[in-house]
Structure formats: structure tokens, C-alpha cells
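Only the coordinates and a few stated rules stand behind these numbers; no lab work does. A quick note: this is a predicted structure, and the numbers were derived from the prediction, not measured. Note: ideal-geometry Cβ built from the backbone for every residue, glycine included; neighbour counts use all protein chains shown.
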Amino acid sequence: MSTRSIQEVIELVNQTRHHQIRQGHTHRFIDLMFVTVGERVFCRRYTYSEPSWRSAFIENSIGQIKLGSEVVDVDGVIPHDLGEVNPLVNKAYEVALKKYGASYLLDGAIDNRAQESTMEMIPKL
């Protein structure tokens, strides 16, 4: 997958319905929804127990996302511009959840706790 461009990764995120994530290369993949803002990929927690995939990424940013059958190596980081990007990520979740007929999940996807959990998945291309 490392030969793909950022545009191809963004297209995969936007066109693939089944998204998964794992920290490192040995943990199991878990289901999680990704959204894009420009040429950036974001995700948020929807459960808040610890330990979590997010806390694992904070300890070690190396991981992978799976988009359908494609696996992409990533660095998972807290966005450097979290305050500025969160409104755009909120809008991306609104559009994506509407597209999948899951608008009823929007409140949980954009509440303060979810916004504080926003992580950026930076593809290693």
C-alpha cells in the first residue's frame, strides 16, 4: 500500500464503508469510522474505557488503518491544530453519517468528549 498517493488513500477512506484501526502491527483490527478533511484523515473514539486504541497511539504513534481489504501504515497523532480542525471534522462526520443513513449517531460523534478524542491518521507513503 505504500506506493499509493495521499489522494488515493483519501479516496479509499471516502469510498470504503468498512474502516478499521490498530496500533502497531500485532494488535487486532477494530472497527472505527474515519473521515477526511482536505488531504487529512481523522477518527474519534465512541467508547471511553481504558486502555483504548487512542491511548495506545498516544504512547506509540505507529499503526495501521484498514480500508476494505487495503491496509495503510499510519502515524496516529493528536492534530497540532485540534481547535481549528474540529469544526471541519464535525462537518465531515455529519456528511459521512448522513451518507450511511446513520444520522442518529451524530450527537455522539460531535459531542465535546468525542471532539477531545480526535486523532489524525497520517499515512506513511
Please work out how much length the chain gains when fully extended from LYS91 to TYR48, using 0.36 nm per residue of separation minus the C-alpha to C-alpha distance, in nm with one decimal.
13.3 nm
Mind listing the Cα extents of the chain along all three principal axes, in Å, largest one first?
34, 30, 26
For the pair GLU11 and LEU82, the simple spin-label estimate (label points 7 Å beyond Cα toward Cβ) gives in nm 3.3 nm
Cross-link reach list, lysines versus LYS124, counting only Cα pairs under 26 Å and skipping chain neighbours closer than eight places
LYS66, LYS91
Distance between segment 3-38 and segment 39-66 - C-alpha centres, whole angstrom:
12 Å
Charge tally in the Cβ shell below 12 Å around SER61, where Lys, Arg are +1 and Asp, Glu are -1, SER61 excluded
-2
